[in-house]
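Below is one structure, written out as structure tokens; the observations come after it.
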Amino acid sequence: MVKLQINGKTVEAREGEMLLAVIKRQGIEVPTQCHHEAIEPTGNCRLCMVEITKKNWDGWKKSVTSCLYPVEEGLIVETHNDKLFEIRKTILDLQLARSPHSDYVRKMALDYGLEKSSYPVEPDGDDCIMCYACTRICEVLGKSAISPTQRGHQKVIAGPFGEAPPDCIGCLSCAHICPTDHIKWNDKGQTRTIWDKSFELIACSKCGKKTITREFADYLIEKRELPANYFEICDDCKRQETAEKIGSLVVRAREATI
Amino acid sequence: MKYRYQVIPELCTGCRTCELACAFKFARDGKPGRSRIYPLAHAKDQYVPVVCFQCDDAACVRACMFDALRRNEETGAIDVDYERCVRCEACVAACPFGCALVDTGFDEIVKCDLCRGNPVCVKFCPESALRYVEIKD
Amino acid sequence: MKIDSIRKLNKWRREIRTQQKAIKTRVLICLGPGCLAGGSDLILKEFRTILKKKKIKNISVASIKKTGCHGFCARGPLVIIEPQGIFYSKVKKIHVAEIIEKTLQRGEIIEKLLYKDPDTEKIYKEWRKIPFYARQQKIALRNVGQIDPDEITDYIANGGYSALAKILKGMKPEEVIEQVSASGLRGRGGAGFSTGRKWATCARAEDEPRYVLCNGDEGDPGAFMDRCIMEGDPHTVLEGMIICAYAVGSKEGYIYVREEYPLAVVNLQKAIDDARRFGLLGDNILGSDLCFDIEISKGGGAFVCGESSALMKSVAGEIGEPRAKYVRSVLKGLHDKPTVLNNVESYANIPVIIEKGADWFASIGTKKSAGTKAFSLAGKIRNTGLIEVPMGITLREIIYDIGGGINDNREFKAVQTGGPSGGCLPADKLDLDVDFDTLTENGSMMGSGGMVVMDDRTCMVDVSRYFLNFLVEESCGKCVPCREGLYQLHKLNEKVCKGKAGDDDLKLMENLSRTIMSSSLCGLGQSGPNPFLSTIMYFRDEYEAHVNEQKCPGGVCKDLITYRINDDCDGCMACLKVCAADAITGKKNEKHVIDEIKCDRCGACYAVCNINAIDII
């Protein structure tokens, strides 16, 4: 266990924990965008930055992203002050210029007193905030179908060579984890389209309701060792089947006692 | 003290009080949640409450690629970790009993978590078809 | 033929030296980047062709040696005849026959090929006496321009691999690290971190395996020191890395070379192949227990991959993006294992430190910045080229005594050091010492050694715009402050250049700069605003002229200048002919006129007029 100070209060933390987890445990709210429990932190948004110092640093302070900074004995942490406010405000100000139509960014910017950006706005806007949540979640599930491509302001999340990613299984994890709902997909009839790739949606063999993509089901069957027939029926019909199976057991038991 | 959630299907009359209780337990902002328990007819006027079996080797836990479904050692239930869940619906597709569900109203994946050890359906079932009994050694 | 013992190495060295002594005269032909661009490879070929047929006493094809960059690039192509040190500059292929006949055969000097100091008009026969060279002290560049980079025998004859032999013979790894620490060597890539301390931390790390990496990315525009070392003396880099591998316990090393240096890759690979062949790389080096091998890893054309964590990602085949380095890469680097990453020039110093001892190295330079530093002099300076000087020398000495001052008789305005991450220093800072700390205290930094000199014909607002544009293009794009912040900062800078900015824009730029510096993920962003901050610090009046008067004092920003023909015009029509916008009218022998609306301020007329009849206002 490690002892450190957060906003003047002494707290305990486990070795190897990141500062952000400890801060959240104290109920302190630090803004985050690219942080999510299911993925490794990358420190892209810089919003979770805190100021740290130590007794023997003679007042010298350092700003670090709390999502990536491991706890240390004797650390003195400040989560909110004028400098950090300025940093967070400027980050959101810059994001407002890039993504003026994003409700997610607008709402966070409003919390910092920004109704519009101080910088010239991209008229069409680009709702991608480059948090890398989508690429990281795809990596966790083992596919790494999409990744950041190109560089700098031209950077864009895409499949290899900007084409439909061959490894994508249409699970929509990326679309769901995207904080700005920037990743669009389309379910029409028996087809799902995302990242310019088309997938077959499994239709329940009993009622025809669409569940997940064939590729996603195949991936789960193979990688997670699940029986293939689990995926042929939708959850509504499975519950009905379960009721019928239990029901027939009840009937059989009743007949046996008679 | 450890408990086991018990279903005695022969006693179910299909009154659907459990379903109501569950939906209201999970209501938020004036909207009911999706019920985690389903009394379904298997024959005319014959009902069975279908609810999560909290399987030992659960398909939902296997299917989840992000470790968002984990056994709660205290209640014995398999809980959804909402900080990890990305709503990919792998669990919904995998559960052979259809007990991992999509709550479209709150945009969440839901399943029975035994109300964290205090199941309301048990309290409200008039026929005592649902019980929460202590495990005696 | 494996040299599997130190005794065999010493024997081989003696044999090579005896062989080389037999060659009385050596003709060195500089094939450094500048001279090569000037056609020195054709000069080399011509020498060889003629000498194959012509028989001259004591001279044969073996006397002709190609070398790496000799240093005085402004005067290239260079041909140097040793041991006399005869220095022929601006040599052309047509001169070769004359050099052979007059100098090599008859010992006559060809005056017209000698160097003449433009200020004192003194003519120099020997290169070592020329002020450009005389004030230098070469350690990292000791062999560059003196040996054939393709010949391992040249390296060995000059003492190569004796440092390696010394440590394998009787030094423990800890002792090697001690020597490097005591020498005071600080990272020559620009960060200036204590090399010894870096090696010590890696050696103490518990995880395995350990890696030794060399940063040959050299992304700073205008810098070519590392290029010349990799091209001109590749073995010194290898020897430095092998010594490091011994000290920290590594078996695997990589040299990361930027994609834009194909010749460096070729020369390094040849050196690696030769070193392997002779048992200086691979298993049981020089018959000892040390096993270490090196591979080259090529970059993909990204400045950001010079950053250590991005470099390691690139070597691993992943996307070259930096990571937040709260856990240092010396503990978790390549493949998350302990890694030493040092610059080319840092490794080039190591063999000499081991050979001559830490005290010797520490006695050179200053107390906090020991040793020497290689610089590439570029820009509006007379003597552009590659130099190496002791730390603590002043900017004035470098730019005037060695660099020869500003060319074209113009005035000094600023010197940019440290690449885009550095800053510009004005004339009243010329007496500052060049070392790791002094320049940083004054708003710039020494950086990797690129030094760009600017004259009065430069607009500092435009310089800031230029470097910000570079950084915007090279930013990896991962974090918001760098990707969006530098992008907006550059756009605002462009606004100033166009004369469309107001005072509040300058204020916004200053505030934005502070946030970018304090919140960016890596060094590129953290130092990104430096071009703007250093220029507005020392040249605020230029910014204000752009903002308040819509004027560009340097005469550069196209939207704010006018080209106008004055009364000195003699009607020669030279400018009329080069004007691509057809903006100049006038008959022969009559004063010409520029249509200021058609004129696009390309500057072609200004460049071609040799009687100063065109003003930029």
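The values are calculated or read from the model by the stated rules, or taken from the named source; none is laboratory data. For clarity, every value in this text was computed on a predicted model and none was experimentally measured. As a convention, Cβ positions derive from the backbone with ideal geometry for all residues, glycine included, and neighbour counts pool all protein chains shown.
Evaluating C:Arg142 against the criteria (1) part of a helix (DSSP H, G or I); (2) surrounded by fewer than 23 Cβ atoms within 10 Å (Cβ to Cβ) leaves one unmet condition, (1).
Counting residues in the range C:277-298 that are under 22 Å from C:Pro221 (Cα atoms) and either surrounded by fewer than 24 Cβ atoms within 10 Å (Cβ to Cβ) or among the β-branched types (Val, Ile, Thr) (or both) gives one or more.
Criterion first (at pLDDT 95 or above, over 21 Å from C:Pro553 (Cα atoms) and touching a Ser or Thr at 6+ places or on another chain (Cβ under 8 Å)) does C:Leu489 satisfy it? So that I can check it myself, show each step before the final result.
On the way: at pLDDT 95 or above: yes; over 21 Å from C:Pro553 (Cα atoms): yes; touching a Ser or Thr at 6+ places or on another chain (Cβ under 8 Å): yes.
Yes; evaluated as a whole, the condition is true for this residue.
If you go through the range B:15-41 and keep only what is within 12 Å of chain A (Cβ to nearest Cβ) and of a type in the set (A, V, I, L, M, F, W, C), you end up with B:Ile37, B:Leu40, B:Ala41.
The number of residues in the range C:188-235 that are under 28 Å from C:Ala157 (Cα atoms) and assigned to a loop (DSSP other than H, G, I, E, B) comes to 3.
With the structure loaded, tell me whether A:Gly113 is modelled with pLDDT of 95 or more and farther than 23 Å from A:His101 by Cα or whether it fails that test. The answer is no for A:Gly113. Scanning the range A:143-180 for residues that are touching a helix residue (DSSP H, G or I) at 6+ places or on another chain (Cβ under 6 Å), over 29 Å from C:Leu486 (Cα atoms) and not small (Gly, Ala, Ser) yields A:Ile169, A:Cys171.
Quick one: would you say B:Tyr82 is out of contact with any Pro (no Cβ under 6 Å at 6 or more places or on another chain), at the interface with chain A (Cβ under 10 Å from one of its Cβ atoms), without any contact (Cβ under 8 Å) to a residue 60 or more places away in the chain and hydroxyl-bearing (Ser, Thr, Tyr)? Steps first, please.
Working: out of contact with any Pro (no Cβ under 6 Å at 6 or more places or on another chain): yes; at the interface with chain A (Cβ under 10 Å from one of its Cβ atoms): yes; without any contact (Cβ under 8 Å) to a residue 60 or more places away in the chain: yes; hydroxyl-bearing (Ser, Thr, Tyr): yes.
So B:Tyr82 passes the test.
Within the range C:519-537, does at least one residue satisfy the condition of being surrounded by fewer than 23 Cβ atoms within 10 Å (Cβ to Cβ) and more than 29 Å from the chain's Cα centre (by Cα)? No, the conditions are met nowhere in the range C:519-537. The set of residues from the range C:562-590 being surrounded by fewer than 19 Cβ atoms within 10 Å (Cβ to Cβ) and touching a strand residue (DSSP E or B) at 6+ places or on another chain (Cβ under 7 Å) comprises C:Arg564, C:Asn566, C:Thr585, C:Gly586.
Yes/no per residue for (1) under 20 Å from C:Tyr155 (Cα atoms); (2) surrounded by 15 or more Cβ atoms within 10 Å (Cβ to Cβ):
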| position | (1), (2) |
| --- | --- |
| C:Ile6 | yes, yes |
| C:Leu28 | yes, yes |
| C:Leu44 | no, yes |
| C:Arg48 | no, no |
| C:Lys53 | no, no |
| C:Ser63 | yes, yes |
| C:Ile94 | no, no |
| C:Glu101 | no, yes |
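Of all the residues in the range A:56-85, those that are of a type in the set (Phe, Trp, Tyr) and away from every other protein chain (no Cβ under 12 Å) number 2.
Within the range B:90-105, does at least one residue satisfy the condition of being more than 14 Å from every other protein chain (Cβ to nearest Cβ) and either surrounded by fewer than 21 Cβ atoms within 10 Å (Cβ to Cβ) or under 15 Å from B:Phe26 (Cβ atoms) (or both)? Walk me through it before giving the result.
If we filter the range B:90-105 for residues that are more than 14 Å from every other protein chain (Cβ to nearest Cβ), which is where we start, we get B:105.
Of the ones still in play, those that are also either surrounded by fewer than 21 Cβ atoms within 10 Å (Cβ to Cβ) or under 15 Å from B:Phe26 (Cβ atoms) (or both) are B:105.
Within the range B:90-105, one or more residues are more than 14 Å from every other protein chain (Cβ to nearest Cβ) and either surrounded by fewer than 21 Cβ atoms within 10 Å (Cβ to Cβ) or under 15 Å from B:Phe26 (Cβ atoms) (or both).
Scanning the range A:233-258 for residues that are within 10 Å of chain B (Cβ to nearest Cβ) and not in a helix (DSSP H, G or I) turns up A:Ile233, A:Cys234. Applying the criterion of being without any contact (Cβ under 8 Å) to a residue 60 or more places away in the chain and within 10 Å of another protein chain (Cβ to nearest Cβ) to the residues of the range A:106-133, the residue that is farthest from A:Arg88 (Cα to Cα) is A:Pro120.
For the range A:141-151, the set of residues classified as within 14 Å of chain B (Cβ to nearest Cβ) and buried (at least 18 other Cβ atoms within 10 Å of the Cβ) consists of A:Leu141, A:Lys143, A:Ala145, listed by residue number. Residue check: A:Leu226 meets all listed conditions (1) surrounded by fewer than 15 Cβ atoms within 10 Å (Cβ to Cβ); (2) not in a helix (DSSP H, G or I) but one, namely (1). You will find that of B:Ala68, B:Ala41, B:Ala27, the residue that is buried (at least 20 other Cβ atoms within 10 Å of the Cβ) and among the aliphatic types (A, V, I, L, M) is B:Ala68 and no other.
Residue count for the range C:435-464, restricted to those that are among the acidic types (Asp, Glu) and part of a loop (DSSP other than H, G, I, E, B): 3.
Does C:Asp274 fit the bill of being in contact with a helix residue (DSSP H, G or I) (Cβ under 6 Å, 6 or more places away or on another chain) and modelled with pLDDT of 95 or more? Full working, then the answer.
Numbers: in contact with a helix residue (DSSP H, G or I) (Cβ under 6 Å, 6 or more places away or on another chain): yes; modelled with pLDDT of 95 or more: yes.
The answer is yes for C:Asp274.
Residues that are free of Cβ contacts under 8 Å to residues at least 24 places away in the same chain, within 19 Å of the chain's Cα centre (by Cα) and either crowded, with 18+ Cβ neighbours inside 10 Å or within 14 Å of another protein chain (Cβ to nearest Cβ) (or both) within the range A:6-52 comprise A:Ala21, A:Lys24, A:Glu37, listed in sequence order.
Counted as qualifying within the range C:1-85 are the strands (runs of 3 or more DSSP E) with 1 or more residues that are touching a residue at least 12 places away in the same chain (Cβ under 8 Å) and within 18 Å of C:Asp274 (Cβ to Cβ), namely C:64-67.
Matching residues to (1) of a type in the set (Val, Ile, Thr); (2) under 24 Å from C:Ile387 (Cα atoms):
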{"residue": "C:Arg14", "(1), (2)": "no, no"}
{"residue": "C:Pro33", "(1), (2)": "no, yes"}
{"residue": "C:Gly39", "(1), (2)": "no, yes"}
{"residue": "C:Phe47", "(1), (2)": "no, no"}
{"residue": "C:Val61", "(1), (2)": "yes, no"}
{"residue": "C:Pro83", "(1), (2)": "no, yes"}
{"residue": "C:Ser89", "(1), (2)": "no, yes"}
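Taking the condition facing chain A (nearest Cβ under 10 Å) and either surrounded by 24 or more Cβ atoms within 10 Å (Cβ to Cβ) or in contact with a helix residue (DSSP H, G or I) (Cβ under 9 Å, 6 or more places away or on another chain) (or both), does C:Cys497 pass? Against the criterion (facing chain A (nearest Cβ under 10 Å) and either surrounded by 24 or more Cβ atoms within 10 Å (Cβ to Cβ) or in contact with a helix residue (DSSP H, G or I) (Cβ under 9 Å, 6 or more places away or on another chain) (or both)), C:Cys497 does not qualify.
State which residue is nearest to A:Ala217 (Cα to Cα) when the search covers only the range B:42-67 and only residues that are of a type in the set (A, V, I, L, M) and more than 7 Å from chain A (Cβ to nearest Cβ).
We begin by selecting, within the range B:42-67, every residue of a type in the set (A, V, I, L, M); these are B:43, B:48, B:50-51, B:58-59, B:61, B:63, B:65.
With more than 7 Å from chain A (Cβ to nearest Cβ) added as a condition, the list becomes B:51, B:58, B:61.
On the way: B:Val51: 23, B:Ala58: 17, B:Val61: 15 Å.
Checked the range B:42-67; the qualifying residue nearest to A:Ala217 (Cα to Cα) is B:Val61.
When you scan the range A:116-135, do you find a residue that is touching an Asp or Glu at 6+ places or on another chain (Cβ under 7 Å), farther than 19 Å from C:Lys491 by Cβ and charged (D, E, K, R), even just one? The answer is no; no qualifying residue exists.
So that you can scan it fast, the table gives a plain yes or no per residue for (1) buried (at least 20 other Cβ atoms within 10 Å of the Cβ); (2) of a type in the set (Val, Ile, Thr):
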{"site": "C:Val330", "(1), (2)": "yes, yes"}
{"site": "C:Glu345", "(1), (2)": "yes, no"}
{"site": "C:Ala358", "(1), (2)": "no, no"}
{"site": "C:Lys367", "(1), (2)": "no, no"}
{"site": "C:Ile387", "(1), (2)": "yes, yes"}
{"site": "C:Asp401", "(1), (2)": "no, no"}
{"site": "C:Ala414", "(1), (2)": "yes, no"}
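Scanning the range C:549-561 for residues that are in contact with a Lys or Arg (Cβ under 8 Å, 6 or more places away or on another chain) and assigned to a loop (DSSP other than H, G, I, E, B) gives C:Gly554, C:Gly555, C:Val556, C:Cys557, C:Ile561.
Pairing residues of the range C:582-611 that are within 15 Å of C:Asp568 (Cβ to Cβ) with residues that are in a strand (DSSP E or B) and at pLDDT below 90, at Cβ distances under 8 Å and at least 6 apart in sequence or on separate chains, gives C:Tyr606/C:Ile616.
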